[in-house]
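Everything below concerns the one structure shown next.
The values are calculated or read from the model by the stated rules, or taken from the named source; none is laboratory data. Just so it is clear, the model here is predicted, and its values are computed rather than measured. For neighbour counting, all protein chains shown are included, and Cβ atoms are generated from backbone atoms with ideal geometry for every residue, glycine included. The area values use the complete protein model at the heavy-atom level, side chains included, leaving out ligands, DNA and RNA. Shrake-Rupley method; radii C 1.70, N 1.55, O 1.52, S 1.80 Å.
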Amino acid sequence: MTFSTFDQEMMALALQEASKATMETSPNPKVGCVLVKEGKLIGQGHTQKVGQAHAEVMALRDAASKGHDARGATAYVTLEPCSHYGRTPPCANALIEAGVARVVAAIEDANPQVAGRGFAMLRDAGIEVAHGLMAAEAREMNIGFLRRMQTEKPWVRLKMASSLDGFTALPNGHSQWITDAEARADGHRWRARADAIMTGIGTVLADDPQMTVRLEAQEVIRQPRKIIVDSKLRTPEHAQVLQSGETTLVHAQAALLQETKIGRMQAMGVQLLELPNGDGSAVDLDALVQELGRQQVNELHVEAGASLSGALISAGLVDELLLYLAPKFLGAGKTMFELPALADVNQAMSWQIHEMKQIGNSIRVVLRK
């Protein structure tokens, strides 16, 4: 399929519109739409919060509010228009009823309830349909949603900050601050796009973190859920992580010995999830990731210590590493990951560099399998 330079410019605008939906639409995908008629932009919009209007409807409303008739227009949309009744009516129907002549989509919807049916509805109505324009950018924007639709699991991103020699803290545990303010703010923006932030009991006991997004007020639309992997239910009731927002403590069978504490936690509004491994001594991490997928978590952001981080990597549950490398040498200290020793360098787990960028005085490296 060949697309014009104008098509590319309009899809880029639709992707910009979709980016406005970050932090708003989950578990739905982030989608943008622009309407063009006779070479002029007549309307644009992005998907709203769950249960509210999708991008196509918002663009049609925008056009109507400006006195434009969408009949004969081209709709550029970053994801295939939906074809089913969910919390809102099908967007494909809205485009058909509006009389658009052409729909250009970036990618097909991976949702089994759609998966090409939206395109078919449009074609059956006599509308010209093309897709594949700026597909890579559209997939990147909805990497978590697409992963969950395809595997029923979220996209798991593990964040870590370290010195150049690979240490996250001094031997005494002191780590504030290895990276600079710019890198820390950037890390909070990655938190903000996630549906849930996960850490382990070791981090809770050592650092008493809030596990919240702390940015300028206009940048924070909602706080992600907090997930604590705590096999023996050792999280103190006064811990900061329990004082605000939605928090889930994931425990193993050993926690059943603390029924009184469980009752107090539940009275505080803390959610408890029992997911023991085979012998009941620890949390089954694979089962946890699957359960979060069932709970419609698209992106899971992990900020944990070496033990939990290493366990997730060893289990093959991490899709992406988000590393911040500060131009410092600590000489000794706590390592990033606890991983099993290898007998041969050829046994090493290999990752691909997806992105490298300077953030403040640190280097941000994104790695994928």
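For region 169-192, enumerate the residues that are hydrophobic (A, V, I, L, M, F, W, C) and either free of Cβ contacts under 8 Å to residues at least 60 places away in the same chain or closer than 21 Å to residue 358 by Cα (or both). 177, 178, 181, 183, 185, 190, 192 - these are the residues of region 169-192 that are hydrophobic (A, V, I, L, M, F, W, C) and either free of Cβ contacts under 8 Å to residues at least 60 places away in the same chain or closer than 21 Å to residue 358 by Cα (or both). Here residue 3 passes the criteria (1) open to solvent by 60 Å² or more (accessible area, probe 1.4 Å); (2) out of contact with any Asp or Glu (no Cβ under 8 Å at 6 or more places or on another chain) except the one numbered (1). Within region 87-117, the set of residues being of a type outside the set (Gly, Ala, Ser), under 22 Å from the mean Cα position of the chain (by Cα) and modelled with pLDDT under 85 comprises 87, 111, 112, 113, 114.
Determine if region 127-142 includes at least one residue that is open to solvent by 30 Å² or more (accessible area, probe 1.4 Å) and free of Cβ contacts under 8 Å to residues at least 12 places away in the same chain. Yes, region 127-142 has at least one match. Taken over region 315-359, the residue count meeting the criterion of being modelled with pLDDT under 95, among the small types (Gly, Ala, Ser) and under 29 Å from residue 174 (Cβ atoms) is 4. The set of residues in region 147-166 that are touching a Phe, Trp or Tyr at 6+ places or on another chain (Cβ under 8 Å) and buried (at least 16 other Cβ atoms within 10 Å of the Cβ) comprises 147, 148, 157, 159, 160, 161, 162, 163.
Results for (1) under 28 Å from residue 332 (Cα atoms); (2) β-branched (Val, Ile, Thr), shown as yes or no for each residue.
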{"site": "139", "(1), (2)": "no, no"}
{"site": "156", "(1), (2)": "no, yes"}
{"site": "174", "(1), (2)": "yes, no"}
{"site": "179", "(1), (2)": "yes, yes"}
{"site": "191", "(1), (2)": "no, no"}
{"site": "194", "(1), (2)": "no, no"}
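Against the list (1) at pLDDT 95 or above; (2) closer than 23 Å to residue 161 by Cα, the condition residue 287 fails is (2).
Conditions (1) acidic (Asp, Glu); (2) in contact (Cβ under 8 Å) with a residue 24 or more places away in the chain; (3) more than 17 Å from residue 201 (Cα to Cα), marked per residue:
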| residue | (1), (2), (3) |
| --- | --- |
| 282 | no, yes, no |
| 290 | no, yes, yes |
| 313 | no, yes, yes |
| 320 | yes, yes, yes |
| 338 | yes, yes, no |
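Within region 25-32, is there a residue that is out of contact with any Pro (no Cβ under 9 Å at 6 or more places or on another chain), surrounded by fewer than 17 Cβ atoms within 10 Å (Cβ to Cβ) and touching a residue at least 60 places away in the same chain (Cβ under 8 Å)? The answer is yes; a qualifying residue exists.
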